[in-house]
Amino acid sequence: MSKGKLISGIIPEQVVIDILENAKQALLSLTPYEVAITNEEKRHIPKAGDLSQPFIEKGFEYSKTDSNYLPSYLNTTEIENDFNRAKQSDSILREALKIVAIVTNISICSKSDLYVAMLDFYNNCNRAAKNGDARAKVIADEMGKLFKKSKKNKVSASKP
C-alpha cells in the first residue's frame, strides 16, 4: 500500500458478481414479506428498541402462560407470529448492517484515496500549466471547474 493510502487492491470481479447476485436473491426472498409503510407512518408508530426487548420477552412469556389477562382483541397466534418475525428480522438486520458497514468503509476509503490522488494530479497539472504546458492547462481548467462546483456543493476533503 502506498504512503498515505487508506486501502489498496481491488475486490475480485467474481466476488462482486456473487455479492450482487446474493443481494438480489435476498431481496427476492424478502419481497413477499415486505411491509409498505411511509416515513411519515414510521414516525408515528410506537417503537421498540433494544431497551424494550426484555419487557417484550417477559410479556410474551407471561402472555403464553397467563393468557387470561390478554385483552380479547389480541390474537395469540398473531402475537406469536409478531414475536417470531421480530426475532427473524433482527437476525437478518444484524447481518445486513455488518455488510453495510464493510461496504461503506470500503467505499469511503476508496473515494478518499482517489480524491487525494486526483487533487495531487490536479495540482501537478496546475504547476505544469503555469510553466506553459498547453495540455496541462486544458486539464487543469476543466478539472478546476468541477473542483469549484464540488466545493460549492459542500463536498470537501482534507489532504492527509
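Only the coordinates and a few stated rules stand behind these numbers; no lab work does. All figures in this text were calculated on a predicted structure; none of them were measured in a lab.
Values computed for the structure shown
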quantity	calculated
When each of K24/K87; K58/K87; K87/K111 is checked by Cα-Cα distance, pairs over 26 Å	K87/K111
Candidates R127, R43, R135: whichever shows maximal mean-square fluctuation once the chain is modelled as a Gaussian network with Cα springs under 10 Å	R43
Debye intensity ratio I(q)/I(0), log10, segment 1-69, q values 0.12, 0.22 Å⁻¹ (C-alpha model)	-0.76, -1.00
Candidates D90, D113, D50: whichever shows maximal mean-square fluctuation once the chain is modelled as a Gaussian network with Cα springs under 10 Å	D50
Taking only Cα atoms of the chain, radius of gyration then Dmax in Å	26.5, 89
For segment 90-98, 3J(HN,Hα) per residue [Karplus equation, 6.51 cos²θ - 1.76 cosθ + 1.60, θ = phi - 60°, Hz, x = Gly/Pro]	5, 4, 5, 4, 4, 5, 4, 5, 5
Per-selection Kirkwood Rh - segment 35-77 (Cα, Å, 1 d.p.)	12.6 Å
